[in-house]
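The structure under discussion appears below in the form of C-alpha cells.
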Amino acid sequence: MSRVEHATPSSRIGVAIFIATFVILALAPYWADRQTLRLLVEMFTFVALASLWNLLAGYSGLVSVGQQAFVGLGGYLLFAMVIVLDVHPIAAIFIAGPIGALVAVPVAALIFRLRGAYFAIGTWVVAEVFRLLASQISVLGGGSGISLPASAVIAMAPSRQMREFEIYWLGLALTAAVLIGIVILLRSRHGLALTAIRDNELAAQSNGIDVARIKLIVYVLTAFGTAMIGALIFLQKLRISPDTAFSVNDWTAFVIFITVIGGIGRVEGPIIGTIVFFALRQTLADLGSLYLLMMGAVAIVVMLWAPKGLWGLIVERFGWQALPLQRRLVLEKETGGKA
Amino acid sequence: MQWLNVILQGVLIGGLYAMFAAGLSLIFGVMRLVNIAHGDLIVLAAYVSLMVTQSLGVGPLTSLLLVVPVMALVGYLLQRLLLNRTLGDDLLPPLLVTFGLSIIIQNGLLELFTADSRKLQAGAIEVHTVQLVQGVWIGVLPLIQFIVAVAVVAGLQLLFYRTALGRAFRATSDDQAVAQLMGLDTRHIFAMAMALSLAVVAIAGVFLAVRANFDPAIGPARLIFGFEAVIIGGLGSMWGTLLGGIILGVSQAIGAQIDPGWQLLAGHIVFLVILALRPQGLFPKVSG
Amino acid sequence: MPDALLEVRGIDAFYGDFQALFGVSLTIEAGQVAAVIGANGAGKSTLLKSIAGLMRPQHGDIRFDGASITGLSAFEVVAHGIALVPEGRRLFPSLTVEENLLIGGQSRRGGPWSLTRVYQLFPALEERRRLPATALSGGQQQMAAIGRALMSNPRLLLCDEISLGLAPIVIRDIYSQLPKIVGEGLSLIIVEQDIVQALKAANRVYCLQEGRVALEGAARELTRDAIAAAYFGV
C-alpha cells in the first residue's frame, strides 16, 4: 500500500498564510477605503490572468501573446448579454466563462496547426480578428465603444458602495477559484502529465501522454477563466471599447512581465510578480511609456539571467514550496501475513 | 475595370508585405528565430529615415543610403550582443526577449517622437501615374516599390543559393556543430543573417514611411502582415513569400472595396482559411 | 627533439555530470597514422570531439604544433589545421555535393587540397557534384565527408568511424585511398570499430576502455591477446 503525499513543511506554512490572507482580504470592505478596494480588485484580476497565462505557457508550452482575445471576448459578452438580452450583470459573468470556452475550441483547431513562435503570432492574429469584429458591431458601440446602461448598474445593488463590495468579493472569489482550480489540476493525473510536458514534451509523448489532447483541454480551460475575469474587469470599468478590451499592453504585456519576473512554471510566480509589479507601479507612478520601457528591459534581463524568476531564485536557495504541489511516494509497511 | 484596378493596387501593396515577410522568413530559416520585434524595427527604420531626411535635407529614397547600413549594423549588434544568448532548445527566451524588445522600441519611439502621425515626402513622384494598359493607371511610386520588392526577393534567392555567405547560412541552419567544423563562426553567421534581415527591413520601412502615415504603434500590425504572408506562401520559399504577400494585399484590397472597415478583416480571414485548409502554405519548399 | 604535432595531456571530458574521459593522453608525430580503438561508449568519439573543439575538456591540456588549443572553439581549431570527419558523415542536406566540398574550404588555408584534387581522389563525387548530398550512397557520402574535411587543408585529419554502416568492399575502397592522403604530409587519427582495418592502416594504436587509455603501442608490436584484454577490460 502506498500513497502520494503533496505537502511539505514549508507548504503547510504556505497554505496557512494563504488562508489567513484570504480571510483578511475577505474582510477588506470593512477596513479598506474605496481606492484600496479598487486597487485590490485590479491586483486580483492580474493574479488570475497571470496564473492562467502561466498555466498555458509555463506548464503546457503554449506561449500565447493573444490572451487579450478572451479578456475582450468576456467583456463584450457581458455587455452584449446585459444590453441586448437584459441579463443580470453578475449572472452574465458566469455565462461568459462557458461561452469563452466554446469559442476557444474552433480557435484552437485553427491555431494549433502552428508551432512555437508562429503559434504565438497566430494567437495575436486571432485577437486582432476579435477586435476588428467587435468594432463592426454597432449595437455595442462599434469602434468607439459603449457604457453599461444605468438600469443594469442599479440591478446589481441599490447603492454604489454595495456594488463596489459585490465586485470586490466577486474578484476575490474568482481569483481564489482560479488559483484553487489550478492547484487541483496540477495535483491531478492531468497535472502530472502537464509537469512532464513542461519538463520534456517529447519524452512525455513517448510515455503515452496524449499531449495534443491535454494542450487543448488546458487552452479551453484557460479561455474559460480568462473570459470570466475579462467580464469582471469590464463590469468594474462600466465601459468597453475595442481598443481597451483587446489591448495587448494591458492584457498581455503586463501579464507576461508579471509572470516572467515572478517565475514561470510555478504557481507562486504570478502572485509574487503581481506584488512586485504593483509595488513598482505605485512608486514609479506617472511615467507612462517610460514605465513600459523599463518593464520590457527588466523582463529581458530576468529572462536571460534569472529565467526562473524571483520565486525560482527563492526555491533554489531555500527549497520552499508555498503550496502543496510536491509529489512524494510514501510506502507503508504490510501489517501482517505474507509479504 | 474598377475591380482590375483594385486587384492591381492589392498586388502592388503585396510587394511591400512581401518585403515585411522576407526579413522574417530569412532569420527563421537560418536560426529558427521568430523576431516579434520585427514590425517595430520596420517602424524604427522609418523614424531613422525621418531623422536623416530632416537633418540632411535629402529625399527618402536617398536616405536609404544611410538607413540601410545603419539598420544592418543595428541588426548585427542586436544579434551578437543580445539575441545570440536566447538561441537554444527552449522556446520561451527568444519569444519573450523579442517581445520585450518590441515593447521597448515602441515606447522608446513614443518617448522620442510622441504619438503624432508622420509621413515622409518623396516629392512629385508621389502623384505621378503611368498607364499600364488602356484605361488602367497605377502610381509610379507603388510600381517602383513593387519592382524593388521583387528585386529584393530575387536578390535574397541569389545570395542564398549562389554565394559563399548563402552556403554558410544554409549549412549553419542544417547543422550548427558541423558548420563550426568548417571554420564558420556561427555567432558571426547569425549576426550576418540578422544584419541582412534588417537591411531588408530598412528598405521596407522607408517605403512604408513614404506610402502612408506612421507612428510608434503600427509595428505589430506590420509583423502580422509579414507573418501572414509567410504562412500563406509557405515556409522556406522566398518566391512563395512574395506570392503570399500579393495574395494578402489583394485580399485586403477586395475587402476594402466591399466595405472600408473590412480591409484588415478580409486579409485575416483569408489567412485563417488557408491555415485551416492548407496549413503548409500554398508553395512550401519541399525539405530534404 | 622537435615538438610532436599533437600532444593531448591528461584530459577529462564530461557530458553534464557523466565523465567520459579520465586523464587521457595521446601523442601524434607528423606523418603518423594513429588508430583509436575500443568498445562502444569507451570514449573514442569524445576524444576526437575534444581535440576538434566541439567539446571543452576539463583539466588537462591539448597542444598542436607547440601551441595550446585547449578550450578553443571548433572554428578556431580548424584554422590551426585540424579537421574532423564526424561520426555518421553529417553532410549538409541543404547543400549539393560540390557545395559541401566548397564549404569545407571556407577557412581558406593554403595547401595542396582543392576541388580538383578531391575529385581526382574520389571520381564518383565529380559525377554527382550537383546532386543534393542526401542523394548519395553511404560510401559516397563518406567520401564526400572526407573530401570536405580535406578541403580545409589540415595538417591533422580526425576520422570518426568512417567504416560505420558501409559494406566491406566499400570500406576497403576508402581505406585504400588513405595512403594517398597521408602521402601529402597529413597525419591521421582514425577511430574505428573495425580493428583489423585499423591495425592495417595505423602505425600506432591506442585502446580506450571506459574513458581510459588501456593500451598503447606500435601497431606491429601489439599481440592479439593484449589488444583483446585492453578492449574488453578482462
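The values are calculated or read from the model by the stated rules, or taken from the named source; none is laboratory data. The structure displayed is predicted, hence computed values, not measured ones. Cβ coordinates were reconstructed from backbone atoms using ideal geometry, including for glycine residues, and neighbour counts include every protein chain displayed.
Residue check: is B:Leu33 more than 23 Å from B:Ala168 (Cβ to Cβ) and touching a residue at least 24 places away in the same chain (Cβ under 8 Å)? Step through it out loud before you land on a result.
On the way: more than 23 Å from B:Ala168 (Cβ to Cβ): no; touching a residue at least 24 places away in the same chain (Cβ under 8 Å): yes.
Taking the combined requirement at face value, the residue does not satisfy it.
Anything in the stretch A:294-325 that is at the interface with chain B (Cβ under 8 Å from one of its Cβ atoms) and either under 22 Å from A:Phe18 (Cα atoms) or crowded, with 20+ Cβ neighbours inside 10 Å (or both)? List them, or say none. Show your work before the answer.
Of all residues in the stretch A:294-325, those at the interface with chain B (Cβ under 8 Å from one of its Cβ atoms) come to A:295-297, A:299-300, A:303-304, A:307.
Matches in the stretch A:294-325: A:Met295, A:Gly296, A:Ala299, A:Ile300, A:Met303.
Select from the stretch B:142-178 the residues that are in a helix (DSSP H, G or I) and charged (D, E, K, R) and write down the one among them that is farthest from the other protein chains (Cβ to nearest Cβ). Before the answer, list the steps.
Applying the first criterion (in a helix (DSSP H, G or I)) to the stretch B:142-178 yields B:142-162, B:164-174, B:176-178.
Filter again for charged (D, E, K, R), leaving B:162, B:167, B:170, B:174.
On the way: B:Arg162: 10, B:Arg167: 5, B:Arg170: 4, B:Asp174: 4 Å.
This residue is B:Arg162.
Is the stretch A:60-70 home to any residue that is surrounded by fewer than 19 Cβ atoms within 10 Å (Cβ to Cβ), more than 14 Å from chain B (Cβ to nearest Cβ) and either over 13 Å from the mean Cα position of the chain (by Cα) or touching a residue at least 60 places away in the same chain (Cβ under 8 Å) (or both)?
no
Of the residues in the stretch B:179-203, how many are touching a Phe, Trp or Tyr at 6+ places or on another chain (Cβ under 7 Å) and either basic (Lys, Arg) or at the interface with chain C (Cβ under 9 Å from one of its Cβ atoms) (or both)?
4
If I filter the stretch B:91-104 for residues that are out of contact with any helix residue (DSSP H, G or I) (no Cβ under 8 Å at 6 or more places or on another chain), of a type in the set (A, V, I, L, M, F, W, C) and farther than 21 Å from B:Ala193 by Cβ, do I get at least one hit? It would help to see each step written out before you state the result.
Initially, the stretch B:91-104 is screened for residues out of contact with any helix residue (DSSP H, G or I) (no Cβ under 8 Å at 6 or more places or on another chain), giving none.
No.
Go through the stretch A:12-118 and tell me which helices (runs of 4 or more DSSP H), entirely inside it, have 1 or more residues that are farther than 23 Å from A:Leu238 by Cα.
Values: elements: A:28-31, A:34-54, A:68-85, A:89-111.
In the stretch A:12-118, A:28-31, A:34-54, A:89-111 are the helices (runs of 4 or more DSSP H) which contain 1 or more residues that are farther than 23 Å from A:Leu238 by Cα.
Of the residues C:Ile146, C:Ile103, C:Ile171, only one is touching a residue at least 40 places away in the same chain (Cβ under 8 Å), farther than 14 Å from B:Asp175 by Cβ and either of a type in the set (A, V, I, L, M) or more than 14 Å from every other protein chain (Cβ to nearest Cβ) (or both); which? Please lay out each step first, then the result.
On the way: C:Ile103 fails: farther than 14 Å from B:Asp175 by Cβ; C:Ile171 fails: touching a residue at least 40 places away in the same chain (Cβ under 8 Å).
The match here is C:Ile146.
Can you tell me which residues in the stretch C:136-162 are closer than 19 Å to B:Ala179 by Cβ, over 13 Å from the mean Cα position of the chain (by Cα) and part of a helix (DSSP H, G or I)?
C:Gln141, C:Ala144
Can you name every residue in the stretch A:259-293 that is away from chain B (no Cβ under 14 Å), over 23 Å from the mean Cα position of the chain (by Cα) and part of a loop (DSSP other than H, G, I, E, B)?
A:Ala285
Could you please give the count of residues in the stretch A:110-125 that are more than 8 Å from chain B (Cβ to nearest Cβ) and either of a type in the set (A, V, I, L, M) or within 20 Å of the chain's Cα centre (by Cα) (or both)?
2
Filter the stretch C:106-115 down to residues that are buried (at least 17 other Cβ atoms within 10 Å of the Cβ) and more than 13 Å from chain B (Cβ to nearest Cβ) and give me whichever is nearest to the chain's Cα centre (by Cα). Walk me through how you get there before you give the answer.
Start the filter on the stretch C:106-115 by keeping residues that are buried (at least 17 other Cβ atoms within 10 Å of the Cβ), which leaves C:106-107, C:109, C:111, C:113, C:115.
Now drop any that are not more than 13 Å from chain B (Cβ to nearest Cβ), which leaves C:111, C:113, C:115.
Details: C:Gly111: 19, C:Trp113: 17, C:Leu115: 20 Å.
The residue in question is C:Trp113.
When the stretch C:86-95 is examined, which residues are found to be at the interface with chain B (Cβ under 9 Å from one of its Cβ atoms) and touching a residue at least 60 places away in the same chain (Cβ under 8 Å)? Even if it seems obvious, please write down each step before you answer.
Going through the stretch C:86-95, the residues at the interface with chain B (Cβ under 9 Å from one of its Cβ atoms) turn out to be C:86, C:90-95.
Across the stretch C:86-95, the qualifying residue is only C:Pro86.
Restricting the search to the stretch C:175-193, which residues are farther than 13 Å from C:Gln32 by Cα and under 14 Å from the mean Cα position of the chain (by Cα)?
The answer is C:Tyr175, C:Val191, C:Glu192, C:Gln193.
Here is a yes/no grid of residues against (1) buried (at least 24 other Cβ atoms within 10 Å of the Cβ); (2) of a type in the set (A, V, I, L, M, F, W, C); (3) touching a Lys or Arg at 6+ places or on another chain (Cβ under 6 Å):
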site: B:His188; (1), (2), (3): no, no, no
site: B:Met194; (1), (2), (3): yes, yes, no
site: B:Ser197; (1), (2), (3): yes, no, no
site: B:Val201; (1), (2), (3): yes, yes, no
site: B:Pro216; (1), (2), (3): yes, no, no
site: B:Arg222; (1), (2), (3): yes, no, no
site: B:Phe227; (1), (2), (3): yes, yes, no
site: B:Ile232; (1), (2), (3): yes, yes, no
site: B:Leu235; (1), (2), (3): no, yes, no
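Restricting attention to the stretch C:42-54, does a residue exist that is modelled with pLDDT under 95 and exposed (fewer than 15 other Cβ atoms within 10 Å of the Cβ)?
no
Exactly one of these conditions fails for B:Leu81: (1) within 14 Å of chain A (Cβ to nearest Cβ); (2) touching a residue at least 12 places away in the same chain (Cβ under 8 Å). Give me its number.
Result: B:Leu81 fails condition (2) only.
Tell me, yes or no, whether the stretch C:121-135 has at least one residue that is within 30 Å of C:Ala39 (Cα to Cα) and surrounded by fewer than 16 Cβ atoms within 10 Å (Cβ to Cβ).
Checked against the condition, which is being within 30 Å of C:Ala39 (Cα to Cα) and surrounded by fewer than 16 Cβ atoms within 10 Å (Cβ to Cβ), the stretch C:121-135 yields at least one hit.
Out of all the residues in the stretch A:226-241, is one or more surrounded by fewer than 22 Cβ atoms within 10 Å (Cβ to Cβ) and within 14 Å of chain B (Cβ to nearest Cβ)?
Taking every residue of the stretch A:226-241 in turn, none turns out to be surrounded by fewer than 22 Cβ atoms within 10 Å (Cβ to Cβ) and within 14 Å of chain B (Cβ to nearest Cβ).
Sort out which residues of the stretch B:43-64 are of a type outside the set (Val, Ile, Thr) and under 19 Å from B:Ala115 (Cα atoms), and write them in order of number. Step through it out loud before you land on a result.
The initial filter retains those residues of the stretch B:43-64 that are of a type outside the set (Val, Ile, Thr), namely B:44-47, B:49-51, B:54-57, B:59-61, B:63-64.
Across the stretch B:43-64, the qualifying residues are B:Leu44, B:Ala45, B:Ala46, B:Tyr47, B:Ser49, B:Leu50, B:Met51, B:Gln54.
Identify, please: which residue in the stretch C:116-137 is touching a residue at least 40 places away in the same chain (Cβ under 8 Å) and away from chain B (no Cβ under 14 Å) and is, among those, nearest to C:Leu164 (Cα to Cα)?
Going through the qualifying residues, I end up with C:Phe122.
Kindly evaluate A:Thr244 against the criterion of being in a helix (DSSP H, G or I), surrounded by fewer than 24 Cβ atoms within 10 Å (Cβ to Cβ), of a type in the set (Val, Ile, Thr) and in contact (Cβ under 8 Å) with a residue 60 or more places away in the chain. Steps first, answer last, please.
On the way: in a helix (DSSP H, G or I): yes; surrounded by fewer than 24 Cβ atoms within 10 Å (Cβ to Cβ): yes; of a type in the set (Val, Ile, Thr): yes; in contact (Cβ under 8 Å) with a residue 60 or more places away in the chain: yes.
Considered against the rule, which asks whether it is in a helix (DSSP H, G or I), surrounded by fewer than 24 Cβ atoms within 10 Å (Cβ to Cβ), of a type in the set (Val, Ile, Thr) and in contact (Cβ under 8 Å) with a residue 60 or more places away in the chain, A:Thr244 comes out as yes.
Would it be correct to say that A:Ser147 is farther than 24 Å from A:Phe254 by Cα, in contact (Cβ under 8 Å) with a residue 40 or more places away in the chain and more than 14 Å from chain B (Cβ to nearest Cβ)? Step through it out loud before you land on a result.
Details: farther than 24 Å from A:Phe254 by Cα: yes; in contact (Cβ under 8 Å) with a residue 40 or more places away in the chain: yes; more than 14 Å from chain B (Cβ to nearest Cβ): yes.
The answer is yes for A:Ser147.
Only one residue in C:Ser50, C:Ser73 is away from chain B (no Cβ under 13 Å) and within 30 Å of C:Ala20 (Cα to Cα). Which one?
Working: C:Ser73 fails: away from chain B (no Cβ under 13 Å).
Unique residue meeting the criteria: C:Ser50.
Do you know which residues across the stretch C:13-68 are over 26 Å from C:Leu164 (Cβ atoms), more than 18 Å from the chain's Cα centre (by Cα) and assigned to a strand (DSSP E or B)?
C:Gly23, C:Gln58, C:Asp61, C:Ala67, C:Ser68
Any idea how many residues of the stretch B:237-288 are among the polar types (S, T, N, Q), within 30 Å of A:Val105 (Cβ to Cβ) and surrounded by 17 or more Cβ atoms within 10 Å (Cβ to Cβ)? Outline the logic, then answer.
We begin by selecting, within the stretch B:237-288, every residue among the polar types (S, T, N, Q); these are B:237, B:241, B:251-252, B:257, B:263, B:280, B:287.
The next check asks that each one be within 30 Å of A:Val105 (Cβ to Cβ); those that pass are B:251-252, B:263, B:280.
Right, trim to surrounded by 17 or more Cβ atoms within 10 Å (Cβ to Cβ) and you get B:251-252, B:263.
Of the residues in the stretch B:237-288, 3 are among the polar types (S, T, N, Q), within 30 Å of A:Val105 (Cβ to Cβ) and surrounded by 17 or more Cβ atoms within 10 Å (Cβ to Cβ).
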